[in-house]
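Nothing in this text is a laboratory measurement; each read-out follows from the coordinates by a stated rule. Note that the structure is a prediction, hence the values are computed from the model and not measured. All Cβ positions, even for glycine, are placed from backbone atoms using ideal geometry, and neighbour counts span all protein chains on display.
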Amino acid sequence: MMFKGKPVRLLLTGDAKEEFEELNKEVGEEISRGVTESDYQKLLSSIKQKIEFLKANPEYGVHIQKDRIPKEYILKYDVNNLWKVNLSGAWRMIYTIRGSEIEIIALVLDILDHGAYDKKFGYRKR
């Protein structure tokens, strides 16, 4: 897909890749047992849908302010911009956008449930 005249590639890395692979495995096991509808299946479907949205428009998500970017992402991935996409079941997909003159890469860093998202970003329950 193209965005602003450049091809877009989407990559899952680190924790996001592990979470996606684990979820795919769980859904595969559910389907083999005859389960046709579950929270895992809804989440996987939601992730796949949002991946297609991001390929069409990497700026689809909600931009996270620079001062809210967890240091972990800066140190581990050299992030200077961060975005989130809301998924089903209050899950979040966290990504950064990288670009060159040749292409745009949406690099998915994390797929988190709501509690893990709040903890990572320093939000507290009231």
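Near GLY89, once Lys and Arg are set to +1 and Asp and Glu to -1 for all other residues with Cβ below 14 Å from its Cβ, the sum equals -2. The length gained on full extension between PHE53 and ASP39, counted as 0.36 nm times the residue separation minus their Cα-Cα distance, comes to 3.0 nm. Given the alternatives (i) 48, 42, 26; (ii) 41, 26, 24; (iii) 47, 41, 21, Cα extents along the principal axes in Å as computed for this entry is given by (iii). Were the residues from ARG9 through ASN24 laid out at 0.36 nm apart, the gain over their Cα-Cα distance would be 3.3 nm.
Think of region 2-120 as a dipole: +1 on every Lys or Arg Cβ, -1 on every Asp or Glu Cβ, centred on the Cα centre; then among SER88, GLY61, GLY28, GLY61 lies furthest on the positive end. In this structure, the residue pairs whose Cα-Cα separation is over 21 Å, taken from LYS17/LYS84; LYS17/LYS42; LYS76/LYS119; LYS4/LYS71; LYS17/LYS55; LYS42/LYS66, are LYS4/LYS71; LYS42/LYS66. Per-residue extension of 0.36 nm, minus the Cα-Cα distance of ILE31 and ILE74, leaves a gain of 11.7 nm for this segment. Working ranking of peptides 46-56, 83-93, 105-115 by packing, defined as the average number of other Cβ atoms within 10 Å per residue, highest first, is 105-115, 83-93, 46-56.
Model label points for SER88 and ASP118, set 7 angstrom from Cα along the Cα-to-Cβ axis, are 2.3 nm apart.
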